[in-house]
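Read through the structure below, which is laid out as structure tokens, and then see the notes.
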Amino acid sequence: MFLKSIIERNPQLVAAAVKFHQKGEISANSWVVDLDTISENATILANAAKHYHLTTYVMGKQYGRNPIISKVAIKMGLYRAVAVDVQGVRLMKRYKVPIGHVGHLNQIPKKEIPFVLEENPEVWTVFNVDQAMRVSAAAQSIGVHQDLLIRVIGKNNLFFTGQEGGISEDELIAKAREIQDLPNVNIVGVTSFPCTRYNLKIDDPVELTPNFFTIKKAAKRLQNELGITISQINAPGNTSSNTFPMLSANGATHVEPGHGLLGTTPNHAFLNDLPERPSYVYVSEISHHVGNEAYCFGGGFWSDIYDPDYVGRALVGYTPDEALSNMVLSVPKKVIIDYCGSVTPASKCPIGATVVFGFRTQMQMTRSTVVILKGINSGTPEIVGIFDHAGTMIDSKFNPIPIIQANSLVSDLVESYTN
């Protein structure tokens, strides 16, 4: 989806990925991330958010919750990180990443609630009174206070399959009153997902979803009918600097850039004038041929929620110049386990060659290594961090790096970037 944009706006990333893979320093099945571009994109987002009076929680699931990316983004002016599940909280604790928002796409299991409270998230989204009661009881037992967001759902709201849930707007006031009566918790806002959407057509605008108008109306009702001071209308989904004016003008207070930080929202695939640039590629290697298809090692292939049958492209070659001049078609595979991907024609894909893809991802859901590069903008790329699929920092031989040493390496790297 993003390969054309990557070639036009960040070809140095492709060149570095091919070079390091062919030298044996990057494994097949790796996400290769350009940290210089992450820093640039974060600065663009931070400046735009400041201009439009929006607070940014960084959505880390797209980049595998990588602490280097999170901390550089925060160093450049974004605020705190989002943990969409308890696994995210654990990683943020490990690498000392400040947490802004938990509980939105995934509620926190009851056993984990005390642990998450101890990490001091700024806000915690609840889908129902039961979850609020559990948070309240745990907060009371350990002597802390927790601010809550309510996920509100309306009759015409849009949700991706498996991501439904929340308090019906018809029951909002009654349920909110119950929650407000609980000790050690307080409702401070509302949220939903997705609050914006793209139409995947160049001449169509980015638009607010019905979800956004549901939570905007809910915020007003909570204030008017219950006297609750609402400090957050949290509006995540497809967030980048070009959506900030629309969100701010309509009353949003908080946004959660993820693919915006990476330069890979859907519109980045079609519009080259958006300020953020694509910052990552997926690297594989030709394994074998079957007929006219060349198979490559998998682990990171992803069926995009916007178009699962989208026929993408890839670059194949032994050298950067070969790859950048040799574009082939990818073959969609509807499989549960992506042991391999496939590109065609096989005649243009020699065994052992590097394969570079530019598709949209959720890195935390893959089995891939995440490789962080620095120095691409200056023409001196170097590998500055490697992480396994679970977010553990590893050395070149895939051995875990002790956490004290890993945190020191991450901190030194982040400090090398200046705001």
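Computed quantities for the displayed model
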| quantity | calculated |
| --- | --- |
| Global geometry of region 87-240, whether rounded, prolate or oblate, following the gyration tensor of its Cα atoms and the 1.5 cut on a/c | oblate |
| Given charges at beta-carbon only (K, R positive; D, E negative), |dipole| of region 1-143 in Debye | 200 debye |
| For Ser396, net neighbour charge (Lys/Arg +1, Asp/Glu -1) across residues whose Cβ lies under 14 Å away | -2 |
| Span-like helix ranges in the chain, DSSP H, alpha carbon extent 15 angstrom or more, Kyte mean at least -1.0 | 11-22, 35-51, 129-142, 210-226, 403-415 |
| Extension reserve of the Glu382-Phe160 stretch, reckoned as 0.36 nm per residue once the Cα distance is removed | 76.1 nm |
| GluC sites (Glu not before Pro) within region 1-97: DSSP coil, no more than 16 neighbouring Cβ in 10 Å | Glu25 |
| Reachable aspartates and glutamates from Lys50, criterion Cα separation under 18 angstrom, eight or more residues apart if same chain | Glu40, Glu256, Glu276 |
| R0 of 35 Å, Cβ-Cβ distance Asn272-Gln180: FRET efficiency to nearest 0.05 | 0.15 |
| Percent of Cα pairs exceeding the 13 Å cut-off, where the set is region 352-419 | 73 percent |
| Under 13 Å from Lys19, Cα to Cα: aspartates and glutamates that are on another chain or at least 8 residues apart | Glu285, Asp321, Glu322, Glu382 |
| DSSP beta bridges in the chain [antiparallel fraction, %, rounded to 5] | 55 percent |
| Normalised convex hull volume, region 1-116, alpha-carbon set, Å³ per residue | 142 Å³ |
| Coil-residue trypsin sites (Lys or Arg not before Pro) of region 63-112, DSSP, other Cβ within 10 Å capped at 12 | Lys96 |
| Selection of chymotrypsin sites (Phe, Trp or Tyr not before Pro), region 348-419, meeting DSSP coil and at most 10 other Cβ within 10 Å | none |
| Per-peptide average of other Cβ atoms within 10 Å, ordering 187-197, 338-348 highest first | 187-197, 338-348 |
| Two-site FRET efficiency, Thr392 against Lys110, from Cβ-Cβ distance with R₀ of 25 Å, rounded to 0.05 | 0.40 |
| Accessible surface of region 1-102, 1.4 Å probe, proportion on carbon and sulfur as whole % | 50 percent |
| Sequence of Phe270, Phe115, Phe2 when ordered by accessible area, the most exposed leading, probe 1.4 angstrom | Phe270, Phe115, Phe2 |
| Which of Lys374, Lys397 is most accessible, then next, and so on - probe 1.4 Å | Lys397, Lys374 |
| Dipole magnitude of the chain about its Cα centre (Cβ charges: Lys, Arg +1; Asp, Glu -1), debye to nearest 20 | 320 debye |
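The values are calculated or read from the model by the stated rules, or taken from the named source; none is laboratory data. All figures in this text were calculated on a predicted structure; none of them were measured in a lab. As a convention, Cβ positions derive from the backbone with ideal geometry for all residues, glycine included, and neighbour counts pool all protein chains shown. All accessible areas refer to the heavy atoms of the entire protein, side chains included, with ligands and DNA or RNA removed. Shrake-Rupley method; radii C 1.70, N 1.55, O 1.52, S 1.80 Å.
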